[in-house]
Amino acid sequence: MPADLHHNPLTEILFEQTKDFVGLYDVEQGWFTRVNEAGYRLLGYPSAQALYDDPRRTLLSQRLTPEEWAALCAQVPPEGRYEFETELRRQSGNLFWASIELTNLLVEGRRYFVARLTDTDRLHTAERSLAMSLGRFEAVVSHATIGIIMCNRAGAIVLANGKAHSVFGYPEHALLGLRVEALVPATIGGYHERLRTSFNAHPEVRAMGHNRDLMARRRDGSEFPVEVSLSYFHLDEELFVVAYVIDITFKKDAERELLIQNKRVARLNAELEQKVADRTHALETTLAQLELRSQELSQALAAERELGELKSRFVSMASHEFRTPLTAVLTSATLIEKYPTAEQQDKRLRHLERIRTSVKHLTDILEEFLSVGKIEEGRLAAHPAEVALPALLREARADAEGLRKSGQRVREEFGPLDLLWTDASLLRKVLVNLLSNAFKYSPDHTTVTVRAATEAGWLTLSVQDEGVGIAREDQEHLFERFFRARNAANLPGTGLGLYIIARYLELLGGTVRLDSELGQGTTVTITLPYENHSAD
């Protein structure tokens, strides 16, 4: 190639100033005769000369046969360029995706390619990540146990999962393209359109109905009661509304049956009262007994209702809290079978650790259930002994360490601390529960502050976090069995932790107070009497 082409100032600027790979490829030699600095650095060479001297003389991940290379060269038009994407190899052997642009150049009868190379590896990674995210989204929607329907601003259905088709009696994919008004009773179709227009003007996440019965229409025209909640999102300036639909036919049937039974009980009570009113003075003793029995019956009914609510909360919680670790155990056990070789021991160990973590989670849940049973059956008693609070706090921190997130710190602010005379096991469980909640409901890189002091026979200890906080309307129910705050419903938990803390403190003669604001964290303070016994 002519020397003046190498040293032309314009050529130097074009070669050296560009941030992409630019090289001059000699077709006859089958290798580069000139590469800019950005080019050889991109390929991992220490210098341009190192690239020129590379004996492999190929950047492609797989060497082409002479026929394949000739076919590739033929793709480059005499006056134009040819662009393609392929996987390349750096000098280190690492592979990456790149876009290659070849332009014909004829100098003194000798054919060259001006090669321009752009690294597209990040784009490929992003595409793979997007494909995986899309797959997860489709799996969640497809396997959801409630009906999910997505509409555009005009009310046309653009997505409906299998459960939605089943609930409304449509074959697979038959809902797509229909207007959402096809799923509401015909008598309120116009009213529903006005509601949809109002929602489009001021979209917000909300539940529909507001103590009114909502009805939906199946494909065969039959109507059934539903519960519906709405959310929305914008995509390319287009509004999409997502409806989550639950068929509550069984719930309504149960409510009607309960109403019938309540009316029947009321009628029986009225008849009983009339008969009692007609009794003579000689039956007053019998009347008193009947009234006492009526009170007992009312208490039994109240207890039954409370038991029903507890069972419902337990089933809801257990189905969620057991399913997640059990799924992790099953998945890890299945994956372990796929790593039979010794070289895959690290992968087997990783899945075994997942199994151990999941089993520990299940064990902790069962331990909470057993604790509640012991408390309510009166089988739990305090056994005081001498306790050093700093050592007890270290044990509690170690027990809760598995829940500590990345960057979370624990700061201790201790005042004067006497030796305590209390039940170490119960107090440690209280501390572990408080620290676990602080870690669980706080984001990464936050501080959990533990303050403790003893004075005049009382221990005051508080755990303060910087987490999500608790709404005021939820705080009055936090110490009830199986209660979960609304902003923590999607986080793991049984709703028993604070209930157990309160019961343990009752056994120890102490009290608990909770102070919290949404988005500003939570502080739980326990106050506990103790006796400072000397070692002798």
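None of the figures in this text is laboratory data; all of them are computed from the coordinates on show. Keep in mind the model is a prediction, meaning the values are calculated, not measured. FYI the Cβ positions are ideal-geometry reconstructions off the backbone, even for glycines, and counts take in every protein chain you see.
Give me LYS163, LYS252 ranked fewest to most by other Cβ atoms within 10 Å of their Cβ, as a rough exposure proxy.
Values: LYS163 20, LYS252 14.
Sorted ascending by nearby Cβ count, the order is LYS252, LYS163.
Name the residues whose placed amide hydrogens come within less than 5 Å of the amide hydrogen of GLN408, ignoring near sequence neighbours (fewer than 5 apart) on the same chain.
HIS445, THR446
Quick one: MET208, MET132, fewest Cβ neighbours within 10 Å first, how do they rank?
The fewest-first ordering by Cβ neighbours comes to MET132, MET208.
If R0 is 60 Å, what FRET efficiency do you get for TRP421 and LEU95 from their C-beta distance, rounded to 0.05?
After rounding, the FRET efficiency stands at 0.30.
Multiply the residue gap between ARG110 and HIS202 by 0.36 nm, knock off their C-alpha separation, and tell me the result in nm, one decimal place.
Gain on extension, ARG110 to HIS202, equals 26.2 nm.
Convex hull over the alpha-carbon atoms of region 45-193: what's its volume per residue in Å³?
Taking only Cα atoms, region 45-193 has a hull volume of 219 Å³ per residue.
For a quick size check, give me the Cα extents of region 117-157 along its three principal axes, largest first, whole Å.
If we take the Cα atoms of region 117-157, the spans are 47, 27, 7 Å.
What FRET efficiency comes out for the pair THR331/ALA277, r = Cβ-Cβ distance, R0 = 51 Å, nearest 0.05?
Efficiency computed from Cβ-Cβ geometry: 0.15.
Could you calculate the FRET efficiency of ALA144 with PHE250 from 1/(1 + (r/R0)^6), where r is the beta carbon distance between them and R0 is 25 Å, rounded to 0.05?
0.85
Below 14 angstrom from the Cβ of ALA453, what's the summed charge of the other residues (Lys, Arg +1; Asp, Glu -1)?
-3
Tell me the label-point distance for the pair GLN75, LEU403, using the 7 Å Cα-to-Cβ offset, in nm and rounded to one decimal.
5.8 nm
Calculate the radius of gyration of the Cα atoms of region 381-529 to one decimal place, then report Dmax, the largest Cα-Cα distance, as a whole number, both in Å.
So, for region 381-529, Rg and Dmax equal 14.7, 43 Å respectively.
Between SER133 and GLU193, how many nm apart are label points set 7 Å from Cα along the C-beta direction?
It works out to 3.7 nm between the two label points.
What ranking of TRP458, TRP97 emerges when the number of other C-beta atoms within 10 Å of each C-beta is taken as an exposure proxy, fewest first? Show your work: numbers first, answer last.
Numbers: TRP458 12, TRP97 18.
Sorted ascending by nearby Cβ count, the order is TRP458, TRP97.
For region 144-247, max minus min Cα coordinate along each principal axis, in Å, sorted largest first?
35, 30, 24
Tell me the Kirkwood hydrodynamic radius of region 403-462 in angstroms, computed as one over the mean inverse distance between distinct C-alpha pairs.
12.8 Å
Please compute the net charge surrounding HIS234, taking Lys and Arg as +1 and Asp and Glu as -1 over other residues with Cβ under 14 Å from its Cβ.
Local net charge: -3.
Taking amide H positions as placed 1.01 Å from N in the peptide plane, with prolines and chain starts having none, which residues 5 or more places from ASN161, or on another chain, fall under 5 Å of its amide H?
ILE148
Could you work out, for region 3-124, what percent of all Cα-Cα pairs fall into each 10 Å distance bin, beginning at 0 Å and stopping at the bin that holds the largest distance?
Over region 3-124, the share of Cα pairs per 10 Å bin runs 12, 47, 36, 6 percent.
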